[in-house]
1. Simple spin-label model, 7 Å along Cα-to-Cβ: residue 123 to residue 60 in nm?
2. Order these by the 10 Å Cβ neighbour count, fewest first: 44, 122, 11.
3. For the range 96-111, take each phi angle, set θ = phi - 60°, evaluate the Karplus expression 6.51 cos²θ - 1.76 cosθ + 1.60, and give the result in whole Hz per residue in order, putting x for glycine and proline.
4. Below 8 Å, C-alpha to C-alpha, sequence gap of six or more: please give me the relative contact order for the range 19-67 in percent.
5. Check which residues have an amide H placed less than 5 Å from residue 123's amide H, if you skip close sequence neighbours.
6. Determine ³J(HN,Hα), in whole Hz, for all residues of the range 33-44 in sequence, where each value follows from phi through the Karplus function 6.51 cos²θ - 1.76 cosθ + 1.60 and θ = phi - 60°; x replaces Gly and Pro.
7. Could you list which residues have their amide H under 5 Å from that of residue 37, counting only those 5 or more apart in sequence or on another chain, with H placed in the peptide plane?
8. Rounded to whole Hz and in sequence order, give me ³J(HN,Hα) for the range 52-58 from the Karplus expression 6.51 cos²θ - 1.76 cosθ + 1.60, θ = phi - 60°, writing x for Gly and Pro.
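Read-outs throughout are calculated quantities, based only on the coordinates presented, and are distinct from any laboratory measurement. Note that the structure is predicted; figures quoted are calculated from it, not measured. Methodologically, a virtual Cβ is constructed for each residue, glycine included, from the backbone with ideal geometry; neighbour enumeration extends over all protein chains shown.
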Amino acid sequence: MTLQKTTRMLMCFKRWANGITFATVASVPESESLKLRTSRFGSMVNTLNHVYVVDDIFRAHLEGRSHSYQARNTETHPPLAELRAAQVEMDAWYVAYTEGLSDAALDEIVVFEFVGGGAGSMTRSEILLHIDRAENYQCFFKNSQQLLGSMEYNFKKDKFEYGNLLTKEKEDKRRKTLGSTRRKIEEVRDYSMKIIEVILNNCESDSEEEDNS
């Protein structure tokens with residue numbers, strides 16, 4: 001498999017994973033997706049906003065232009081529906097971008113300025129690999145575990161403090177929502193890890209074929 005085909009496949013995977021992630025977050029009550037938690041970015045929607053901002057920063061680097069971001073997230077985030085539409089457009093751009101690149105272009109060095117200050121340089125392929133791995137693995141997998149744990153904690157805390165005010169029907173409904181969200185996130189995580197394993201196995205097979213040729 002060529003470098004161009006590999007990076008395009010990763011961007012397609014990124015688009016797929018983001019689509020399921022947004023759909024999962026949109027399926028929970030807004031009070032849950034916006035609730036401040038112990039995760040690094042505070043809430044589900046703010047975590048997704050961070051993913052979009054990083055995508056936009058590196059898009060500017062790849063296009064050789066400046067951007068206006070002063071941090072890897074913004075002070076406020078747009079509504080989930082608006083952010084979702086923007087991410088769909090962003091993911092489509094990355095897929096189209098990799099379609100038009102040659103292996104030689106992917107090996108070109110891109111010089112840029114870090115958001116926190118200082119000069120940086122990466123090849124185009126390194127940038128694409130970074131956003132795929134850092135955003136879809138670090139942000140999603142790490143924060144999903146934090147969010148799940150925080151949701152469970154908050155549910156128990158609320159039940160303990162306000163149990164006398166909640167009817168059994170409302171408690172059952174909240175528990176069902178929590179369980180459904182947990183299953184969806186864990187399903188995406190497990191399936192994503194299987195896809196990553198297939199990608200790595202294909203890369204290893206291609207490397208062995210090249211060594212034997």
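1. 2.6
2. 122, 11, 44
3. 5, 4, 6, 5, x, 9, 8, 4, 5, 5, 5, 8, 5, 7, 10, 9
4. 19
5. For residue 123, the qualifying residues are 110.
6. Using θ = phi - 60°, the values come out as 5, 9, 5, 6, 10, 8, 6, 4, 9, x, 9, 4 Hz.
7. Amide H neighbours of residue 37, under 5 Å, 5+ apart: 42, 43.
8. Karplus values, whole Hz, x for Gly and Pro: 5, 4, 4, 4, 5, 4, 6.
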